[in-house]
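Right, one structure below, let's go through it.
The values are calculated or read from the model by the stated rules, or taken from the named source; none is laboratory data. What you see is a predicted model; the values in this text were computed from it and never measured. All Cβ positions, even for glycine, are placed from backbone atoms using ideal geometry, and neighbour counts span all protein chains on display. Accessible surface is based on the protein model in full, side chains and every heavy atom, while ligands, DNA and RNA are left aside. Shrake-Rupley method; radii C 1.70, N 1.55, O 1.52, S 1.80 Å.
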Amino acid sequence: MKLLRVEADHPYNVHIGTNVFKFFHDLYRDLLSDADKIVIVADDKVAELHLDYLLSFLKPFDVSVFRIPAGEQAKSVETFMECHSFLLAEGCSRKTLLLAFGGGATGDVAGFVASTFMRGIPYIQLPTTILAHDSAVGGKTAINHALGKNMIGTFYQPKAVLYDTKLLHTLPAEEVRSGMAEVIKHAFISNEQWLSDLLQNRKFSDLTDEEMIAHLEKGIAVKAAIVEEDEFESGMRKYLNFGHTLAHAIEGYEGYGKITHGEAVALGMAYALLLSDHPRLEEYLFWCRSHGYPLSKLTEIPFDSLLAYMKKDKKSSRGTLNFVLLEETGKPFMEMIEEKRAEAAFQQLLSKIGEVLI
Ligand SMILES: NC(=O)c1ccc[n+]([C@@H]2O[C@H](COP(=O)([O-])OP(=O)(O)OC[C@H]3O[C@@H](n4cnc5c(N)ncnc54)[C@H](O)[C@@H]3O)[C@@H](O)[C@H]2O)c1
Ligand SMILES: [Zn+2]
């Protein structure tokens, strides 16, 4: 079991490992006993699989459960309002404690509900996906608007994060891939040795619980260190967007939900590595291939379509595109890239992908 402290505006602990829910009974007993009500906002699918397990740790407490749609669908104004309606119907007050039980989508919407219900109530994140090692820490909450993802939200830190890695065993393969892409992203922007360890793995299912816990802890530590420096995203928090400029374009082009976020990020990192002239690009492409990341998708999308999306990116300005690149592993920086160079690099990447996929 691992423990990390996030020194944000309101500091909190992140517990990672099997059996971390036992802390409801000691470390967080006061938080739970002081609440007039405890409400679990649970991803429907996660509730199906793991709610009984979670409830078994909450036995002495009076707990209500509100199930929300599984995954991204939940990040809607409708679900947000339904959560508020549930809390009001249950007679909740500012002393109510909310538990967010699910992946990043659940954490985002439940966090947003917590930050807005009666101007803010305490909440605990109980992440259930690998990707959520990223989303559960840092206090960004959000729902989607028809005109853009994550357009409505707040910065609102949880009281704690209890990350029970036993729950990750039921994740489908594409969600494991999605989460591991954000793990390796954290390695690329922070630590060569760790990156090297990750690149050596050819099958995620070979990772032991201890290895997975160690990777998640390292990933969270990177995220936490950056959040501590830049809680409100005015500077270095942008480095967490390594691989994301192209990833967002792929997601936009494919339509959200057609490719997981992390899979798109994996492809975006390949592109950013090429633009960075990073020595591990080829090794990384082989890693992507062995884990089944959809590299071939890039060969199916016209560059112009991706360009149109990249130009819309918040970080781009007229005629140039903004990328997080690596001077070397662990040394990210922001770079403006001209469209022509961006296109040439894309074609170069396609030919490298062609070689790897043969
Ligand atoms: N707030 C942040 O800082 C931040 C950072 C990164 C991503 N995000 C957000 O996170 C979301 C993506 O999160 P995600 O990848 O965790 O996806 P998700 O929450 O959409 O979950 C993905 C799928 O996995 C299922 N699932 C979850 N846990 C499971 C389990 N243990 N076993 C089986 N199935 C399980 C869900 O039902 C869903 O179908 C996006 O909306 C993204 O915007 C937020
Ligand atoms: Zn991401």
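Descending by average beta-carbon neighbour count within 10 Å, the peptides 72-84, 235-247 line up as 235-247, 72-84, the highest first. Cross-link partners of Lys312 among lysines, defined as those whose alpha carbon lies under 30 angstrom from its own and excluding same-chain residues fewer than eight positions apart: Lys75, Lys140, Lys149, Lys185, Lys223, Lys238, Lys258, Lys297, Lys331, Lys340, Lys352.
Helical content of the chain, expressed as a calculated mean residue ellipticity at 222 nm, amounts to -14500 deg cm²/dmol (DSSP H runs of 4 or more residues, -39,500 (n - 2.57) each, divided by residue number, nearest 500). Compared with the dominant Cα axis of the chain, that is its longest principal axis, helix 209-229 is turned about 90°. With R₀ set to 22 Å, the beta-carbon distance separating Lys258 from Val77 gives a calculated FRET efficiency near 0.45. Protein heavy-atom accessible surface, 1.4 Å probe, per residue over segment 276-358: 54 Å².
Stretched out straight at 0.36 nm per residue, the stretch from Phe286 to Arg341 would grow longer than its current Cα-Cα span by 17.4 nm.
Axis of helix 173-188 versus longest Cα principal axis of the chain: the two differ by about 70°, to the nearest ten degrees. Each 10 Å bin from zero up to the one holding the largest Cα-Cα distance in segment 32-132 carries the following percent of pairs: 17, 54, 28, 1. Per-atom-type breakdown for the chain gives carbon and sulfur 50% of the accessible area (1.4 Å probe, protein chains only). Peptides 12-25, 338-351 ranked from most to least packed give 12-25, 338-351, packing being the mean of other C-beta atoms within 10 angstrom over each peptide's residues. Taking the Cα centre of the chain as reference, the dipole from Cβ charges on Lys and Arg (+1) and Asp and Glu (-1) amounts to some 440 debye. Rounded to the nearest 5, the antiparallel percentage of DSSP beta bridges internal to the chain is 45%. Using R0 = 41 Å, the C-beta based FRET efficiency linking Glu229 and Met118 works out to 0.85.
Over all projection directions, the Cα-based convex hull of the chain averages an area of 16.6 nm². For a modelled paramagnetic label at Ser93, 7 Å from Cα along Cα-to-Cβ, the residues of segment 109-135 in reach, with backbone nitrogen under 14 Å, are 118. Take every DSSP beta bridge whose two residues both sit in segment 2-170; close to 30 percent of them are antiparallel. Expressed to the nearest 5 percent, the antiparallel share of DSSP beta bridges inside segment 94-237 is 40 percent. How far, in degrees from 0 to 90, does helix 44-56 lean away from the longest principal axis of the Cα atoms of the chain, to the nearest 10? Rounded to the nearest ten degrees, it is 50.
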